[in-house]
1. In what order, largest first, do ARG560, ARG413, ARG372 sit by accessible area if the probe radius is 1.4 Å?
2. A 20 angstrom limit on the alpha carbon distance is what I want to check against. Which of LYS419/LYS552; LYS315/LYS353; LYS530/LYS552; LYS398/LYS458; LYS321/LYS549; LYS143/LYS285 exceed it?
3. Using +1 on the beta carbon of Lys and Arg, -1 on that of Asp and Glu, and nothing else charged, what's the dipole of segment 1-113 about the Cα centre, debye to 20?
4. From largest accessible area down, sort TYR230, TYR48; use a 1.4 Å probe on the protein chains.
5. Take the Cα gyration tensor of the chain, multiply each eigenvalue by 5, square-root it, and list the three semi-axes largest first, rounded to whole angstrom.
6. Which value at 222 nm does the chain reach when only helices count, each DSSP H run of 4 or more adding -39,500 (n - 2.57), with the total divided by all residues and rounded to the nearest 500 deg cm²/dmol?
7. Once you have a ≥ b ≥ c as the square roots of the Cα gyration tensor eigenvalues for segment 100-222, tell me rounded if a/c is under 1.5, and otherwise prolate or oblate according to whether a/b is larger than b/c.
8. Share of antiparallel DSSP beta bridges in the chain, in percent to the nearest 5?
Amino acid sequence: MPSVLDQRIDAAIAALTAPGGQMPLTHVTRDGIEYPAIAVAPPALTYYFAYFCNEHADKTFLVAGDERLTFAQVHAAATDVARALVDGAGVARGDRVGIAMRNSPSWIALYMGILMAGGVATLLNGWWQTAELADAIAEVDCKLVFADAPRAQRLDEATGLGAEIVPIDDRLPLIEALRPLTARGGSAATALPMLMGEDNATILFTSGSTGQSKGALSEHRAITQAVFNYLASALTMLALAGEDGTPVPTQHATLLNVPLFHVTAEVPVFLQSFAMGRKLVLMPKWDAEEAMRLIEAERVTYFVGVPLMSFEILKHPNRAKYDLSSCADYAAGGAPRPVEHVRLLAEEMGGAKPLLGYGLTETNGVGCGNFRENYLAKPNSTGRASPPLVEVAILDAKEQPVPSGERGEVAIRSICNFKEYYNRPEATRDAFTEDRFFLTGDIGYLDEDGYLFIVDRKKDIIIRGGENISCQEVEAAIYENPNVAECAVFGLPDERLGEVPGAVVHVRAGGVLDVEALCEFLTARIAAFKVPRAIWFSDGPLPRLGTEKIDKVSIRTAYRARYAEEAPAA
């Protein structure tokens, strides 16, 4: 039965999207499929930037150290970038232009300017090393790449790059930092293209957890619709706050503490902020105590990051020294939150509420959302499909829907989905069903209320003697132990059973735990066949991808090799 909050959300969305509402719906046909779309969303991001930067012209948009920039200042800088790209660098409509930089005002102005010039903003993973950067640049045939000092140094070591590398010193104030480009040319007379929804806009790269990253290409319309789908949720929660008599801040503010090359930072954090007139407080590098200092100093109202980030704030020994009362929500994405973390956040953060979002690079970040008391009631769910644009289905091996409660592959359909993997037609074909559902590679089920529960990755289930073991389920059980900071569970080869579970665990500072104690702890919580056969303890934090997700692939590879070496002595 729908919760009270679900009923209120549904009523608010219905009013919002009805004819005469703030976000009335229309329909768009693409690839022979008719999709719902938000009628008031602009066709391209360029118009979105122009309108809302004028609407919020004098409000603070970016805070980066001592530099504070208004919406109008950032848009003016981006316009200079666009003109220089067209007149000084010869960028034409559809050219791929890369950004390989840490979070900074320069990154943001370059992203905006590339799109305004008609280019395709190609977001390169800042954690990549030389070969990975070079491979990605070659994969999508970049014309130019803007790089900050560390990334420029890595690219200097690459050979045969077809792209021009333009170094940007992002430590300088924005206008000075952009001068290596803007000095090339461009003026008020420079003609910028009039873009349409079908024009290509961005390339984001898949996380790289299963081999070489693929470049996911999206059109302008997909991104603007994704942004407005997020705005529908924001307006809904604002309407509910009004009904409840909750005061609304004079200006919303959020930390930009996840990398901008990741879809979570790009769409719901950065791009959504234009329409909200929201202040972005930039963090080039994650640090829990610095995050708390900034929340207090800038009166941050909303926090989003990977689950570990909010948990580090929750457990930080100096948390009580900071006034975090301005922050009403602690949202997470990119990975599941352990159930115990949800409860602790709700109970110990002074009234702030936990939220969870589920989306992918290929869906431009939209998918499902679990909010506040709904999240507390179903803490192991990613929530319902995000209205009004998203449709979620659970499909069997023949790509047919399964009944409620049955497991299958999670598939998402909306106008927000990406267009294709750049220059990879076979991978693109494999990513979609005939009726254009994107196949996420996640295994899950929908309950009777339409809540999605992710069970595991499609290729990350351990099959032990015919029994399927969910890595996520075992990890959740391990996380219940208060001594555990991080863990990863994976399959180990076994001659008799095919596979058995293995785990690597990082113990929290000051915690004490050994294999015998952890196995005893798990035996009381999960079936015996799910308890890891081998457990290793890592002295430091587990390795992560550039998206801050735990790098399960490299961990599995390393510990499978170690298991093979240790097996004869066992």
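1. Values: ARG560 90, ARG413 45, ARG372 65 Å².
Result, largest first: ARG560, ARG372, ARG413.
2. Details: LYS419/LYS552 28 Å; LYS315/LYS353 16 Å; LYS530/LYS552 18 Å; LYS398/LYS458 14 Å; LYS321/LYS549 29 Å; LYS143/LYS285 28 Å.
Over 20 Å Cα-Cα: LYS419/LYS552; LYS321/LYS549; LYS143/LYS285.
3. Details: 8 positive and 11 negative charges, 25 e Å.
Here the size comes out at about 120 debye.
4. Values: TYR230 60, TYR48 5 Å².
If we order TYR230, TYR48 from most to least accessible, we get TYR230, TYR48.
5. On the way: eigenvalues 275, 154, 128 Å².
Its equivalent ellipsoid spans semi-axes of 37, 28, 25 Å.
6. Values: 18 runs with 187 residues, N = 570.
Computed ellipticity for the chain at 222 nm equals -10000 deg cm²/dmol.
7. Working: a/c = 1.84, a/b = 1.15, b/c = 1.60.
Taking the square roots of the gyration eigenvalues as a ≥ b ≥ c, segment 100-222 is oblate.
8. On the way: 56 of 91 bridges.
Taking every DSSP beta bridge within the chain, about 60 percent pair in antiparallel fashion.
The values are calculated or read from the model by the stated rules, or taken from the named source; none is laboratory data. What you see is a predicted model; the values in this text were computed from it and never measured. Virtual Cβ from ideal backbone geometry, glycine too; neighbours counted across all protein chains shown. Note: areas computed on protein heavy atoms with side chains; ligands, DNA, RNA excluded. Shrake-Rupley method; radii C 1.70, N 1.55, O 1.52, S 1.80 Å.
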